[in-house]
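In what follows, a structure is listed as structure tokens, so that the remarks can point back to it.
Bear in mind that the values in this text are calculations on the coordinates, not laboratory data. Keep in mind that this is a model prediction, so the values were computed, not measured. For neighbour counting, all protein chains shown are included, and Cβ atoms are generated from backbone atoms with ideal geometry for every residue, glycine included.
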């Protein structure tokens, strides 16, 4: 196990370098001049030149990239061009928000998606399965931003039940924090729940058709036991991996949902930084997301081994 | 028994008084359209950051709703005979948020920082100042290189904001932005980027009794629908820049008050006359084609259809609120026949051009209307919506034929015209250049007398109308919306939120 982790960490390093290079190049390809964007309405040529010089924007690309890598290697992600706040501080502010949103969204998705998938598989060919399929299809195809705005209109404006947007840290007011993130996490969870439902359903169908299930049934095991102990346990293996990977994706930030509900998480930070051409922030955050994604991948592998004893000694 | 009753009344009165002071312990939540940039008045660049500064940082002088200068940190000011020395008498009872006293030496340190900080965005604004002196604690003397009619307006904005000199860090100019220490009615508490800026009442403020909130929270919510929804749901007490689409909704809600005001800025359509290769092939190179385009546009229709009735049509750089607004330049009406005649005179029947603009809902709708209206006059516009940062770069590089852009406006007329119309103007992306205009604009800069100055600007506008560097669409409104219980708020033409006397009713 330790060797697997070590190997994964080693493989991660070139991946991170590649990611950072691609992000760096992509930003430079983007039209627009960060200094011009920074200056906005105040365009004093002398100041613009000073800023270009200060942020080394006139240096050749490899030099700029090298300087950034050197800085990161020393543990310094730089400062936001726009507000002078260190990128590490920004990440420290946004990571808990995105984590909380992701955990809540995943919680709802698992709570709804997996049972729905099981039921759909067990009741194959009935109205129940059709209903579950329709629900899943709607979950996948309803755009998040639309659902978000409708929820705000109905739940917050009409019924005045939940706050319309924003974020409150749980340390400040736990229940208010949960209430503020309730709508956005539900909105986020719809697509994931649908995805989980479809995968659970097909994995369950496969498992229910397997020889060991037939054997179990022939032995007279109760249908409930067959589904939960024999079929589900085997079907869950790919689902666990899927949940971990989807969680990694959630960490990258739910751009549209965060925008609609004005949640100050990763997605909003990255989008605003791209629009402002705030290079240091984009690079720092993407690097952080990439690390998060790699960690989740590693976790998926480890979990897979844990839930599948056959692989433990391989 | 009667005595007891009287005591009861007294007690009741005391309770009422107590609840009145409790009114101070309230919070005002303001929804902003964008997240402000660096909170350092010498380096800040955006309109939205000025809204925050208005409560955070006092200035030497302020402007009132009629654009007249009024005292703030300076009690009075006077010009020397030759208009080259400006002397301020300062308040003696003002303090910075760190407890240190505000005096002339502090003011001098601030102006010098604005003049010398390498990334100061105020440098050009205060370029006319030769030296600053503080002969005693309440006298501040500015000696100028040449007379500067724009200087008072400059000092009524960010260049006149005063920071505690103790907070200056020569090594790290970013430290001020992270923890700004000013002398305004509210002091800085906390900022979470993209989420909130929190200010708290500054009890030592010389006018503290006129400020009724214990806490101010500015919440950037870029989506206009969500911003309005928050206000309607009670998550905000007021918001700025309502989307014109939502005007009817805001007016129709009994819990809200709609408070729009004509601003000082404008939305203009300007042409690439001399910037790079595209200027040479630009179909709008001929002034008659430019005039024809203007004549094909119905500004009132844009106001009604896209603007919700708050996009006051514009025909000159200075808005009606400005004393420099001239009756000589009425807004031209639509005249398709005349537009066609002009094209014919230029030897053309149809013109094909490209209109570039920032990719947002309002401007896109305007561009589409312009396309339809221009087509009736024989001008076929293709539309090129461009993301804002890219648009700025395209404008500077000259990669456009005709472009729509906005300007948030300045109280002094110079701010609305100089950088757009002078040959080397920093925002003159069409590279319009007329030596006569330059001469007049520079002359207006050193002419303090309002009547003489107005005459100069009228001459400039006359030439600009002939040359058609651009034409104006409408004056940028500042549509505020408040919840019904917010009392005492008057919108200012400069779009700032001044909270003196504003309170929450029960």
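Scan region B:327-363 for residues that are within 17 Å of residue B:312 (Cα to Cα) and assigned to a helix (DSSP H, G or I) and jot them down. Let's see the steps before the verdict.
Of region B:327-363, the ones within 17 Å of residue B:312 (Cα to Cα) are B:327, B:329-334, B:362-363.
Residues satisfying the conditions are B:362, B:363.
The residues on offer are B:50, B:45, and the sole one that is in a helix (DSSP H, G or I), surrounded by fewer than 24 Cβ atoms within 10 Å (Cβ to Cβ), within 14 Å of another protein chain (Cβ to nearest Cβ) and out of contact with any strand residue (DSSP E or B) (no Cβ under 8 Å at 6 or more places or on another chain) is B:50. Name the residue that is farthest from the chain's Cα centre (by Cα), counting only residues in region A:28-37 that are more than 7 Å from every other protein chain (Cβ to nearest Cβ) and not in a loop (DSSP other than H, G, I, E, B). Residue satisfying both the conditions and the ranking: A:35.
Scanning region A:1-43 for residues being out of contact with any helix residue (DSSP H, G or I) (no Cβ under 8 Å at 6 or more places or on another chain) and buried (at least 19 other Cβ atoms within 10 Å of the Cβ) gives a total of 1.
Does at least one position in region B:364-384 carry a residue that is within 14 Å of chain A (Cβ to nearest Cβ) and part of a loop (DSSP other than H, G, I, E, B)?
No: zero hits.
Number of residues in region B:205-232 that are within 14 Å of chain A (Cβ to nearest Cβ) and assigned to a loop (DSSP other than H, G, I, E, B): the value is 3. When A:57, A:90 are checked against the criterion of being part of a helix (DSSP H, G or I), surrounded by 14 or more Cβ atoms within 10 Å (Cβ to Cβ), out of contact with any strand residue (DSSP E or B) (no Cβ under 7 Å at 6 or more places or on another chain) and within 14 Å of chain B (Cβ to nearest Cβ), A:90 stands alone in meeting it. Note on region B:81-104: among residues that are under 16 Å from residue B:135 (Cα atoms) and free of Cβ contacts under 8 Å to residues at least 60 places away in the same chain, the one that is surrounded by the fewest Cβ atoms within 10 Å (Cβ to Cβ) is B:92. Here residue B:235 meets the list (1) without any contact (Cβ under 8 Å) to a residue 12 or more places away in the chain; (2) in a loop (DSSP other than H, G, I, E, B) almost entirely, failing just condition (1).
Assess whether residue A:117 counts as being buried (at least 20 other Cβ atoms within 10 Å of the Cβ) and either within 14 Å of chain B (Cβ to nearest Cβ) or under 23 Å from the mean Cα position of the chain (by Cα) (or both). When the stated conditions are applied, residue A:117 passes them. Just checking, does region A:120-139 include any residue being facing chain B (nearest Cβ under 10 Å), in contact (Cβ under 8 Å) with a residue 12 or more places away in the chain, assigned to a helix (DSSP H, G or I) and surrounded by 20 or more Cβ atoms within 10 Å (Cβ to Cβ)? No. The set of residues in region B:392-420 being more than 11 Å from the chain's Cα centre (by Cα), assigned to a loop (DSSP other than H, G, I, E, B) and within 12 Å of chain A (Cβ to nearest Cβ) consists of B:399 alone. Only residues that are crowded, with 18+ Cβ neighbours inside 10 Å, assigned to a loop (DSSP other than H, G, I, E, B) and more than 13 Å from every other protein chain (Cβ to nearest Cβ): list them for region A:60-87, please. A:77 - this is the single residue of region A:60-87 that is crowded, with 18+ Cβ neighbours inside 10 Å, assigned to a loop (DSSP other than H, G, I, E, B) and more than 13 Å from every other protein chain (Cβ to nearest Cβ).
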